There are 2 protein chains.
Amino acid sequence: MRRLLLAILLLPVFAFSQQKDLIKYVNPLIGTQRMGHTYPGATVPFGMVQLSPETDTISYEKNGKYNGDVYKYCAGYQYDDKTITGFSHTHFSGTGHADLGDFLIMPTTGPLQLNPGTADHPESGYRSTFSHQNEFAQPAYYKVKLDEYNILAELTASNRVGFHQYTFPKSDQAHIILDLMAGIYNYDNKNVWTFVRVENDTLITGFRQTNGWARTRTVYFAMSFSKPFVQYGQQNFSNNVYKGFWRKFDQTKNFPEMAGKQLRAYFDFKTEEGEKIKIKFALSPVSTEGALHNLRTEIPHWDFDKVKEDGQVLWNKELNKIDVESLSMDEQINFYTAMYHAFLSPTTYMDADRKYKGLDQNVHLAENFTNYTTFSLWDTYRALHPFFNIIQPKRNSDMINSMLAHYDQSVHKMLPVWSHYANENWCMIGYHSVSVIADAVMKGNADFDVNKALDACITTARNRYYDGLEYYMQLGYIPEDKNSSSVSKTLEYAYDDWCIAQMAQKLNRKDIYDEFIKRSENYLNVYDASTGFMRSKLSDGTWKPGFDALSTHGQGYIEGNAWNYSLYVPHNPSKMIELMGGKTRFVKHLDSLFSMHLPDEFFAETEDITRDGIIGNYVHGNEPAHHVAYLYNWTNEPWKTQDKIRMILKKQYRPTPDGLGGNDDCGQMSAWYIFSSLGFYPVAPGSTEYSIGSPAVKSAVLHLENGKTFKVETKNQTDKNVYIQKIELNGTLLNRRFITHKDIMDGGKITFYMSAKHP
Amino acid sequence: MRRLLLAILLLPVFAFSQQKDLIKYVNPLIGTQRMGHTYPGATVPFGMVQLSPETDTISYEKNGKYNGDVYKYCAGYQYDDKTITGFSHTHFSGTGHADLGDFLIMPTTGPLQLNPGTADHPESGYRSTFSHQNEFAQPAYYKVKLDEYNILAELTASNRVGFHQYTFPKSDQAHIILDLMAGIYNYDNKNVWTFVRVENDTLITGFRQTNGWARTRTVYFAMSFSKPFVQYGQQNFSNNVYKGFWRKFDQTKNFPEMAGKQLRAYFDFKTEEGEKIKIKFALSPVSTEGALHNLRTEIPHWDFDKVKEDGQVLWNKELNKIDVESLSMDEQINFYTAMYHAFLSPTTYMDADRKYKGLDQNVHLAENFTNYTTFSLWDTYRALHPFFNIIQPKRNSDMINSMLAHYDQSVHKMLPVWSHYANENWCMIGYHSVSVIADAVMKGNADFDVNKALDACITTARNRYYDGLEYYMQLGYIPEDKNSSSVSKTLEYAYDDWCIAQMAQKLNRKDIYDEFIKRSENYLNVYDASTGFMRSKLSDGTWKPGFDALSTHGQGYIEGNAWNYSLYVPHNPSKMIELMGGKTRFVKHLDSLFSMHLPDEFFAETEDITRDGIIGNYVHGNEPAHHVAYLYNWTNEPWKTQDKIRMILKKQYRPTPDGLGGNDDCGQMSAWYIFSSLGFYPVAPGSTEYSIGSPAVKSAVLHLENGKTFKVETKNQTDKNVYIQKIELNGTLLNRRFITHKDIMDGGKITFYMSAKHP
């Protein structure tokens, strides 16, 4: 018995020792320059805490005046910046809108400064210059030297606790600043309320409530110092309504209760040369009690290196789910950094005791699932959730359970559109939760009540006041004069409706199937044969005049123009191609897309991407085109998919800070990279088919949760040999342009025979 | 068995049938004019909901400009006003500072108006004129005709649920307005955040978070209509930071999710002539889920009359605890209205499932006690809590349990000073929780951990950063140049310290006794023999120059002047009298106090009272003098206590809206009335003695919780026969000027032989 126990205890260690050290291929700095909007800091896979440096949160003109640009700082960090304002605990990865940045910590020495100062004059505030020479980022670890103070800052994290380690010089004036005014998307007093209690000389608790992208959001914290502070204080920049008898106290110094809209607190220490001050900073969506419990449960010690190592073990475990051999180190780094970025979101959103705050602002218990938040669904339904259905099926099922809980708590009775932190922010269009659910149901990865899930999809899709749906249901399209981005919405609703129909068919709900398969054909109503594009219609049934296929303004599209969006019928490319004049004409159309030049005036209208993020008029940096290169598979020239995919992989992903041509969008761009590198892609999530592209890897082994492995093998693979001569699935010639989910999940091997020439 | 069960079931009904109908003697309108600050609306004893009309919440000049006076509307209602703005759910009774006024409901007809309008031009808004002829107030019931709309408004309540009944005329434009901007002490955007969900066509939930007198306060609600509304909408007067994709919706109409700082919502109905629309409105300190549970648990039906009857049964039960026979109907009404006012606060502060929000903003469970809030302790330690120790001992013990929970949750490790709704507002001075606790401990009514309670008292009394305590502990007094109201504070701390010493002695904590009995003599340090008054000292040990015995400004007193505060040594009147030159001189001093004229300039400085609220320079409307008339008992002329008491009872309490000369102060003024009417008063809570006054009642029977009765009997009682010839306790001549708590609680009879002449 004892022997057996020992064997069991040794098993995980042994299992781990089998794993490769893959975190060395991950560079969290990729995407931190320009439009990638990733953050370089420390987190664990799908962790609640993202502890990362802020170089600023809003951008300023040279004269220090706010220039209106909060977009640049969606992740709080821009690689080109020269100063760091501090380290905060919550960050989105790769989003196109901003929020979070909760609880900024900054260590300083010398005279206390309680304002951040400006980038041009860092000495005017607590911020510090830094250089990338003194910066190092790894999964679950980040370090940087703060030049102004000669402080080495190191960060790591467990799921719900950020762990700071600051190595100070000798100083009688060492400070830790807790800035509750700081935040991302903070230009207009986003704070609704903040509250801090200094429980004792090493423990602080409190919360921050904001009205930002999330309308009603509260995050609670518990913060523990490794050594007692000497004294502390605060500055309250807000004007509390009632002051009255609070005047009894000098609240600015050593007064343990702080509250207001705009607070900055500081804690003073005396340090010896090289002395480390450590901070454990736990979050909770529920209460300070929850945060404190998270803190004590997850990190009951002060061993920074152990937390870092534990976090890196977790990362290696996740990264080892695909064992890839690339053609170059650059591609190896691209691949594992994409894996890393794909495993950042959605994030855990419940306490260690399984409690979380729901959309109804009540506290709920996630009894049988892990509750997640940060659902950037317009992006992630395309490839990230399909990727999870292969490589993170348990987590994907729990994400859907989280979406169903959201639905239950929604006063609109709607599944999430773009939700974070117990809030719906309604960002972008469609109701793509239904795609995520259908994809899981159709692929048999549905550890939830499928009929209830289908009902949730139906109710969502029938909400008459949601974003033009009433017109869509009445007219079969959304009239641009009633609701903008009408073409994009009509097309995406049609696809989503097809997803519902697929589920209904599988679950033998004939009436629902009939209703939604009919709705799924609504794309037909916005196709204008005279221009050959999907085009915006008015409520009187006429086409909106002044059509411009290159413009995105007022034309009925969002994050795309007619060229891109007209290709959006993922559930029926054949019919779309037929509409557009047949295969031959369609190939020419696609060729033009990739080769034309988008004039500057129209590029300027394109959101979220850099010039590098486009190829011709193909905008890879925005999602609506993510399936486009695969559409050649529905023509007689599928080899054009193959060279386009390899080109996009090369051009749009580089292992450098500016290596992402557009927002990573919570892992969608990375999931595209992973799929496409492996040689297949889910053109229509909700179907069980993956369209064949052209693998970029030399080989890859997918270690599936069901214990099986699926191997991607290539022959004659080089950078130039982008064309597929033949494919064998488990040694048998594959006579189709897709593989199925079952092909993968049953385990086995796919072998691509590559060549420099197309057949 | 069945027979027995039947008998048990019948018992409470039988018991009730024994009770008198005493609510007919209660007039909730008493104190609603001028300074009384009571509210006329519906509530149950110690109920969480106080559903009452607002006539305004801040006062304006004739030109409609805010005149800075929020004080007038501490209870939201002023009897002289001609208009009602609506009915809100939370009100303090008799306080000298304002807050609450949550969730104002107003029924209207005709074109929708979403602003309240002004008192001068009620037609400019939703408010309505009304007249007192059409108004009726009773315990647990209030009704008024809203003239402008011809709507009869009726209110009743259970503990946590307000029940509205509005009888409408026939109208196609009937509205119920839910004004989340309205509130008491609301002049400067007290709202921090509000949140509303329209769950279905009869149910609304949400919360309101404010930064008022309570710095961080949130109240949750669930609101249920007796019939579905036709449509609804809102106006959001706040400027939410992020609007973005919320623009997808017309949020002003039939959109079920509202959030912002400043919202007003409305619900539209069509009504027939005489149709009643009823609203159940439940509160919770914890969550909307808690509010909904309260709503469903407490009132699972729509029978308004039953809720009213249930509430009035509760009131009769409480009022019947003293069966009094007065000399006149006026006095009978004064007495039972005083009982009513004494049983309004502290208020229940936990959900039906025993959860409540604590001072640490976490949710706690009150497992073994009822959690209360609204502790106006500077007022209520004097007579209200001592009164509860006799007539509400179980509730008083639970109030102390609530105070101990507050202590546990306090980051300052302090017992409450003035606390409400999970907040400490620090109003007034002293740490009189210790008096309340000591009084309960000394009187043997301590259903809590007494040693823990003593520790809480000690820790509170040693907090160095609290209100001059550091100086007090160092110097034995508070220097006026360091901390204002220094004499009042020194005197009150000294008394509080004596309370701690009493407990310590009883619990055999000798070291604590020694420490605090010494501190209790600190009143000696502020007695100035040269003026014969307690006087403010500076930190160098000299008296502060410019002494003025009549002024309250800068002299070291609060809500009193030297004449009043110099008499504040409740724990040792004999020593105080000796200091002040002995008994003869002291009598002259007291006589002067009651007979002198306070010049207008000094009256103007007196807070919280009307001219009627003073007698000479004796300020009954403020609490520091409440024990003063009893001090003759420590001289050779105790009969002067007797005529003063009877005079004060007559002059300061009248059964009219303007019948209270000062704030009722959460029942303290009323408790003084009750004690004094019965013939005795607790001069020093924490002692077990009650000083004899002069009974005003003809007779009274106190029905004690221990099953015993204590009878107060008078002989030759008339309005003129104010002097006591002799007293018999259980038939034996009483040879002391006090009775003990044991005398009362053992049951029995005290007989006062009255006369028109003093002995």
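Derivation of every value follows stated rules applied to the coordinates shown; laboratory data play no part. Quantities reported herein were computed from a predicted structural model and do not represent experimental measurements. A quick note on method: Cβ atoms are made from the backbone with ideal geometry, for glycine too, and the neighbour counts reach across all protein chains shown.
For this structure, a couple of remarks:
- In chain A, the longest principal axis of the Cα atoms and the axis of helix A:450-461 are about 90 degrees apart.
- Among residues of chain A, the one whose beta-carbon sits closest to the A-to-B rotation axis is listed with its distance in Å as A:Val192, 3.
- Cross-link reach list, lysines versus A:Lys443, counting only Cα pairs under 22 Å and skipping chain neighbours closer than eight places: A:Lys321, A:Lys394, A:Lys452, A:Lys506, A:Lys510, A:Lys708, A:Lys711, A:Lys742, A:Lys749
- The residues A:Val417, B:Val161, B:Val241, when put in order of fewest to most other Cβ atoms within 10 Å, stand as B:Val241, A:Val417, B:Val161.
- A simple count of charges around B:Asp360, restricted to other residues whose Cβ falls under 15 Å of its Cβ and scoring Lys, Arg +1 and Asp, Glu -1, yields +1.
- Think of the protein assembly as shown as a dipole: +1 on every Lys or Arg Cβ, -1 on every Asp or Glu Cβ, centred on the Cα centre; then among A:His741, A:Val70, A:Ala42, A:His741 lies furthest on the positive end.
- Label-to-label distance, B:Lys317 versus B:Glu470, with points set 7 angstrom from Cα along the beta-carbon direction: 5.0 nm.
- Over chain A, Cα pairs under 8 Å with separation of 6+ residues give a relative contact order of 12 percent.
- With each label modelled as a point 7 angstrom along the Cα→C-beta vector, the A:Leu365-A:Asp591 pair spans 6.5 nm.
- Site pair B:Ser574 and B:Thr297 shows an inter-label distance of 5.2 nm when each label is modelled 7 Å from Cα along Cα→Cβ.
- Rounded if a/c under 1.5, otherwise prolate or oblate - segment B:269-312, Cα gyration tensor axes: oblate
- Once the Cβ-Cβ distance of B:Thr459 and B:Leu507 is raised to the sixth power relative to R0 = 22 Å, the FRET efficiency obtained is 0.90.
- Prolate/oblate/rounded call for segment A:43-316, Cα gyration tensor, a/c under 1.5 rounded: rounded
- Ranked list, fewest to most other Cβ atoms within 10 Å of each Cβ, for B:Arg208, A:Arg160: B:Arg208, A:Arg160
- Just so you know, the Rg over Rh for segment A:569-682 is 0.96, from Cα atoms, with Rh as the Kirkwood radius.
- The magnitude of the dipole of segment A:43-316, with charges of +1 and -1 set on the Cβ of Lys/Arg and Asp/Glu and taken from the Cα centre, is near 780 debye.
- For segment A:437-506, a simple Cβ point-charge model (Lys and Arg +1, Asp and Glu -1, everything else neutral) yields a dipole of about 140 debye relative to the Cα centre.
- B:Lys720 label point (Cα plus 7 Å toward Cβ) to equivalent points in the other copies: 13.0 nm, shortest first.
- Helical mean residue ellipticity (222 nm; -39500 (n - 2.57) per DSSP H run of 4+; nearest 500) of chain A: -8000 deg cm²/dmol
- Between the helical axis of B:510-519 and the longest alpha-carbon principal axis of chain B there is an angle of about 90 degrees.
- Distance-filtered residues of segment A:297-326 - backbone nitrogen under 20 Å, label point 7 angstrom along A:Lys711 Cα→Cβ: A:320-326
- By average C-beta atoms within 10 angstrom, highest first, the peptides B:474-481, A:619-626, B:579-586: A:619-626, B:474-481, B:579-586
- In terms of its alpha-carbon gyration tensor, segment B:87-230 comes out rounded; the largest-to-smallest axis ratio a/c stays below the 1.5 threshold.
- Each of A:Ala282, A:Leu263, A:Ile151 was placed along the dipole of segment A:43-316 (beta-carbon charges, centred on the mean Cα), and the one lying farthest toward the positive end is A:Leu263.
- Degrees separating the helix A:329-342 axis from the principal Cα axis of chain A, which is the longest one: 80
- Whole-number percent relative contact order across segment A:43-316, with pairs defined as alpha carbons under 8 Å at least 6 apart: 20
- Percent RCO, i.e. relative contact order, over segment B:432-507, from Cα pairs under 8 Å lying at least 6 residues apart: 40
- The fewest-to-most ranking of B:Ser435, A:Ser128 by surrounding Cβ atoms within 10 Å reads A:Ser128, B:Ser435.
- Along each principal axis, taking the top coordinate minus the bottom one, the Cα set of the protein assembly as shown gives 129, 82, 73 Å in descending order.
- Taking the charge dipole of segment A:43-316 about its Cα centre, with +1 at Lys and Arg Cβ atoms and -1 at Asp and Glu Cβ atoms, the residue from A:Thr83, A:Thr118, A:Pro228 reaching farthest to the positive side is A:Pro228.
- The calculated P(r) of chain A, using every Cα pair and 20 Å bins from 0, goes 17, 50, 29, 5, 0 in percent.
- Once the C-beta distance of B:Glu309 and A:Gln231 is scaled by a Förster radius of 60 Å, the resulting FRET efficiency is 0.50 to the nearest 0.05.
- Each Lys and Arg adds +1 at its Cβ and each Asp and Glu adds -1 at its Cβ; summed about the Cα centre, chain B shows a dipole of about 1240 debye.
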